[in-house]
Structure formats: C-alpha cells, structure tokens
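The values are calculated or read from the model by the stated rules, or taken from the named source; none is laboratory data. None of the values given here were measured: they were computed from a predicted structure. Backbone-built Cβ (ideal geometry, glycine too); neighbour counts: all protein chains shown.
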Amino acid sequence: MSPAIPVGVEIKGKMHERFSSILTPQALNFLGKLHREFRHCRKELLKRRAQIQAEMQAGKMPNFLEQTASIRQGVWEVAPIPTDLQKRWAEITGPTDRKMMINALNSGANVFMADLEDANSPGWENMIQGQLNLRDALNRTLSFTSPQGKRYNLNQNLATLVVRPRGWHLEEQHILIDGEPASGSLVDFGLYFWHNARRTLEKGTGPYFYLPKIENHLEARLWNAVFEMAQHELNIPRKTIKATVLIEHILAVYEMDEIIYELRDHLAGLNAGRWDYIFSAIKKFRSQPDCLFPDRSQVTMTVPFMKAYSDLLVKTCHKRGAHAIGGMAAFIPSRRDPQVNEAALAKVQQDKEREAGQGFDGSWVAHPDLVPVVHKVFQEQLNSENHQKHRMRDDVDVSAKALIDFQVPGGKITEAGFRNNISVGLQYMESWLQGAGAVGINNLMEDAATAEISRSQMWQWVHHPKAKLEDGRDITPELFRQLLEEEASQLREASEARQSDGPFTQAVRLLEELVMQSEFTEFLTVRAYPYLAD
C-alpha cells in the first residue's frame with residue numbers, strides 16, 4: 001500500500017492501468033470524509049426500512065404523512081434549473097462502458113443517464129473503469145475501437161451527462177474505510193464529483209445526478225446533506241448540484257412533496273421508474289392475502305395503481321416547478337425482423353403518447369433508434385416549448401388507497417409467464433455474474449430492475465397460498481423446480497459454455513435459493529455481489 005493513501009482507507013481491488021488517476025490520495029481522503037460523516041445516518045435509515053417492512057407484514061398500510069401536511073399544502077418551488085436540463089424530451093440510459101457511452105452521447109437524446117447502478121454489474125473493474133470513462137467523456141477523449149477495427153468517437157453535439165450512483169443499500173467491498181466497506185452511493189458520487197465537478201462547470205454544464213432507490217424523504221434529506229458537504233469541501237457554490245430522483249418505490253410515492261422539499265435547492269425533477277416501482281410493490285405487499293400479481297407483461301402503466309402513481313407524480317412535480325420524466329421504453333430494435341420492429345415501435349409510440357398526454361416533460365429509452373420516436377411525440381405535444389410544467393393537472397385527485405389498488409383487469413398467472421420469468425432471470429444473472437448489467441433478451445433491454453420483477457413474482461407465487469396457474473394448477477415448490485430444470489436445460493442446449501460449472505450454473509443455484517427460501521431477500525444484487533469475479 002502506498003504511504004500516500006489516507007489513514008484508515010484500504011484499497012482491496014486490483015490497481016489496473018490508470019486506476020491510480022481516479023483513486024488518488026485526495027479523492028480517497030474526500031471519500032473518507034463523506035463516509036465518516038454519513039455512515040451512521042445511512043445505517044439507521046436502512047434499519048428503518050426493515051422496521052417499516054415488519055410493520056407492513058403486520059398489516060399496516062401506507063398513507064400520506066400527517067406530520068408533513070404543511071409541506072404538501074405549502075406554496076414553494078425548487079431552485080432554478082440550469083438551461084441544459086430544461087429540455088428533456090428524450091433521455092437515454094445505459095452502463096458506463098466505452099462503446100455504449102459513445103453511442104448514447106451521440107444518439108441525439110437530450111440527456112444520457114450514465115448508469116453505475118441497475119444497468120451495471122458492480123465488479124471492481126467495471127466501477128473504476130466507469131469513472132475513467134466518465135472523465136474521458138467530459139474531456140472529449142473517449143473513444144473505442146471494436147475487435148473488427150470499427151472506430152467510435154464523440155460527435156460535436158452530445159447529450160447532457162447525468163450520472164446515477166448506486167443506491168443506499170449497496171456497498172463497495174473493495175474500498176474499506178476504518179475497516180468497513182464504503183457506501184457504494186458515496187463512492188460513485190464522491191469519485192465522480194471530486195474529479196469532474198469543476199470540469200462540468202467550465203464546460204457550461206454541471207454535476208448532475210439521478211438518485212435511485214429512495215424510499216422516503218429522510219433518505220432524500222441524507223442526499224441533500226451529502227451535496228451540501230461536497231460543495232463546501234470543493235468550494236463550489238450551493239445549489240450547483242442538480243439531481244433527479246427516481247420514484248421507483250411504492251412508499252416514496254406517498255412522500256413525493258417531502259422528497260422534493262428536502263432536495264429543493266438541488267432538485268431538477270422526478271422520474272417514474274416503472275420497473276423498480278412494480279418490483280417494490282410486489283416486495284412490500286408480497287404476503288398480503290389479497291395482493292397477488294399476475295404475469296409481469298400484464299402489469300402495464302394503465303392498471304389502476306400505476307396510472308394513479310404516474311398522474312400524481314406529474315401533478316406533484318409541476319406544482320413545485322420540477323420536471324416529470326416518464327418511464328423506460330425497453331425495446332431493442334431487431335436488425336433482422338422488420339415486422340417485430342414495426343409492432344414494437346408502434347407500442348413505444350403509443351406509450352410515449354400516453355405519457356406526453358399525462359403531462360410528462362420527457363421520457364426514457366434504452367436504444368438510440370427510439371430517440372427519434374420520442375422526440376417526434378413530444379414535439380407534437382409541446383410544439384416549441386421545452387417542457388409542459390404549466391400543466392398543473394388540477395384534475396388529479398389520488399387517494400392513499402388508489403395508490404395500492406392492485407387490481408389488474410383480466411390478470412392471470414400463466415405457465416408461459418412463469419417460464420419467461422425463469423428464463424429471463426437465469427440469462428440476466430448469468431450475464432450479471434460475468435460483468436454485464438444491461439442485457440438484451442427477446443428484443444428487450446433487461447437490467448436489475450426487470451430481473452427483480454421476475455424473481456420477486458416467482459417468490460410470491462411459490463409462497464402465496466392462493467397462487468394458481470390459469471389452468472387451475474397450484475403453484476408449488478415442486479412445480480417451480482420442474483420448470484426451472486426444463487428452462488435451464490433448454491438454455492444449456494443453446495450454448496456450450498453453459499455445459500460447464502460456470503456462471504450459468506451459479507445463476508441456477510442462486511435463482512433457486514432466492515425463490516425457495518422462506519425469507520424474502522431484499523435485493524438479488526446484494527445476494528449475488530460476493531460471487532462477482534473481481
């Protein structure tokens with residue numbers, strides 16, 4: 001270990017080429033300060049999550065908070081939003097590997113969310129190389145040459161860069177501070193901010209972030225405290241950082257006003273993180289006798305609880321002068337099947353037209369080919385306006401009960417849906433264990449959120465006394481194991497690499513454990529993290 005590394009900080013990961021330019025003594029000292037200042041609060045908030053879950057298991061239902069009614073009823077708005085975050089019609093997301101970053105930044109989207117979280121497998125090399133790639137992108141030195149010799153470079157006009165760090169629940173086992181793993185959130189935020197905050201300002205933009213997995217306003221308050229300290233440490237003016245919060249947890253929807261209020265000096269908007277939101281609903285209500293979710297494909301944005309959530313999000317954002325950003329279009333165009341493309345693009349357009357009609361100011365896509373589709377929809381809706389925050393949605397009146405109206409008209413649990421969950425779960429976890437956190441499966445971009453829906457559904461179906469397939473068969477552990485064996489065999493036949501005892505075999509073991517264990521595991525990524533190669 002170099003004597004220049006700050007006292008109390010240990011690096012357990014391998015120092016690959018250029019890693020020392022990210023893991024500098026000054027940057028590590030900054031991480032140490034953040035960790036020591038906020039570790040206690042972070043741990044207490046994670047304990048609070050478990051306490052709330054226990055209360056819900058005992059029958060307590062969520063509601064709007066009585067003690068913060070004055071905030072919801074008050075007249076206030078967020079601080080001014082920078083020019084390059086005013087127009088957010090099309091936002092593209094993806095991990096921080098070089099090729100995908102270049103394609104995303106060049107895509108014509110207004111914003112690129114560089115993802116260090118759900119679309120990224122958090123191996124050590126991925127995380128630190130991702131920081132290098134982010135810095136290279138800001139310095140316009142990012143390039144990539146494929147094995148076939150194709151060269152990728154940045155265009156003149158690029159999407160505005162926004163970075164998503166890991167959620168509060170995740171740790172970075174390769175950086176120890178005072179003998180304990182550092183917070184993944186603070187590592188991702190801290191390294192990017194330390195190396196790039198001033199550079200972003202010099203380029204006429206700023207240090208912008210997407211904040212994931214927030215469950216309540218206290219967790220937003222913690223992020224705000226981190227922002228305040230970070231700006232002070234680098235002598236950067238308050239309110240420089242701008243963040244967009246993903247409302248991807250069913251409890252957070254009850255505290256959207258409060259979340260915005262806590263971050264009002266730094267908040268640019270909220271995003272309807274639909275896939276994680278569905279996962280959180282299954283997770284939080286998994287043992288309720290009358291809450292049984294059908295196939296994931298049937299839980300659309302038009303079912304009662306999803307429509308109530310998205311309508312309320314738009315109304316809340318616009319009331320506070322913040323942007324409302326719509327959910328993910330996960331379709332990946334096929335290069336070989338025009339009919340698949342035509343049908344899927346029609347669905348994407350319909351979905352984005354619905355969001356624009358609801359009042360959203362922009363939306364997410366997973367592939368550059370979808371950017372023109374979204375731009376066209378919002379161009380027609382907004383004409384020359386950057387956003388539609390003037391639409392206050394006073395027609396929206398959502399009750400606490402409406403947010404948990406889990407009826408899905410015609411919803412069924414099918415064998416095909418069960419098999420799809422198994423197949424997607426296995427393929428995603430296999431790729432994740434090999435370092436890829438965004439995986440194209442059946443023309444859809446799957447990430448940790450969609451994999452979580454698959455495995456949480458299967459856990460609920462196996463453990464819920466009322467769960468039956470549409471043909472009347474009970475869903476039992478034996479049925480799950482039978483379908484798991486059949487789907488795993490089919491996937492093994494499709495790839496020789498899966499025949500040996502490698503990542504695929506590990507994925508099968510992990511999925512069986514996650515579904516069969518009596519206690520529900522909060523996050524599959526936490527359970528699988530120790531198995532990453534580096």
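A few remarks follow.
- Residue in region 400-419 that is farther than 30 Å from GLU513 by Cα, touching a helix residue (DSSP H, G or I) at 6+ places or on another chain (Cβ under 6 Å), surrounded by 20 or more Cβ atoms within 10 Å (Cβ to Cβ) and in contact (Cβ under 8 Å) with a residue 24 or more places away in the chain present: yes
- Among the numbered conditions (1) hydrophobic (A, V, I, L, M, F, W, C); (2) assigned by TED's automatic domain parsing to the domain that holds GLU66; (3) under 22 Å from ILE441 (Cα atoms), the only one that PHE418 does not meet is (2).
The rows are residues; the columns are (1) in contact with a helix residue (DSSP H, G or I) (Cβ under 8 Å, 6 or more places away or on another chain); (2) not in a loop (DSSP other than H, G, I, E, B).
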position	(1), (2)
ILE453	yes, yes
SER456	yes, yes
GLN460	yes, yes
GLN482	no, yes
ARG492	yes, yes
LEU514	yes, yes
GLU522	yes, no
VAL526	no, yes
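- Conditions (1) free of Cβ contacts under 8 Å to residues at least 40 places away in the same chain; (2) farther than 30 Å from THR68 by Cα: number failed by HIS232: (2)
- Candidate set: region 349-368, residues that are part of a helix (DSSP H, G or I) and out of contact with any helix residue (DSSP H, G or I) (no Cβ under 8 Å at 6 or more places or on another chain); chosen: the one farthest from VAL245 (Cα to Cα): GLN350
- Sole residue being surrounded by 17 or more Cβ atoms within 10 Å (Cβ to Cβ), in a loop (DSSP other than H, G, I, E, B) and not polar (S, T, N, Q), chosen from ARG88, ARG140, ARG135: ARG88
- In region 309-334, of all residues being closer than 23 Å to GLU262 by Cα and among the aliphatic types (A, V, I, L, M), the one that is surrounded by the fewest Cβ atoms within 10 Å (Cβ to Cβ) corresponds to LEU312.
- Residue within region 22-38 that is closer than 27 Å to LEU234 by Cα, surrounded by fewer than 13 Cβ atoms within 10 Å (Cβ to Cβ) and at pLDDT 95 or above present: yes
- From HIS195, HIS232, HIS217, residue being surrounded by 21 or more Cβ atoms within 10 Å (Cβ to Cβ) and either modelled with pLDDT of 95 or more or outside the structural domain of GLU91 (by TED's automatic domain parsing) (or both): HIS217
- Residues located in region 1-30, provided they are without any contact (Cβ under 8 Å) to a residue 12 or more places away in the chain and among the aliphatic types (A, V, I, L, M): MET1, VAL7, MET15
- Filtered residues of region 91-118 (kept if hydrophobic (A, V, I, L, M, F, W, C), buried (at least 24 other Cβ atoms within 10 Å of the Cβ) and touching a residue at least 60 places away in the same chain (Cβ under 8 Å)): ILE92, ALA104, ALA109, VAL111, MET113, LEU116
- Filtered by the rule that a residue be under 17 Å from LEU313 (Cα atoms), assigned to a helix (DSSP H, G or I) and out of contact with any helix residue (DSSP H, G or I) (no Cβ under 6 Å at 6 or more places or on another chain), region 70-80 gives a lone residue, GLN73.
- Residue pairs meeting the criteria (Cβ under 6 Å; at least 6 apart or on separate chains; first touching a residue at least 60 places away in the same chain (Cβ under 8 Å), in region 200-226; second among the charged types (D, E, K, R) and assigned to a loop (DSSP other than H, G, I, E, B)): PRO212/GLU117
- All of THR160, THR141, THR83, THR145 fail the test of being of a type in the set (S, T, N, Q), modelled with pLDDT of 95 or more and touching a Leu at 6+ places or on another chain (Cβ under 8 Å), apart from THR160.
- Residue match in region 155-166 (condition: outside any strand (DSSP E or B), crowded, with 16+ Cβ neighbours inside 10 Å and out of contact with any Asp or Glu (no Cβ under 9 Å at 6 or more places or on another chain)): yes
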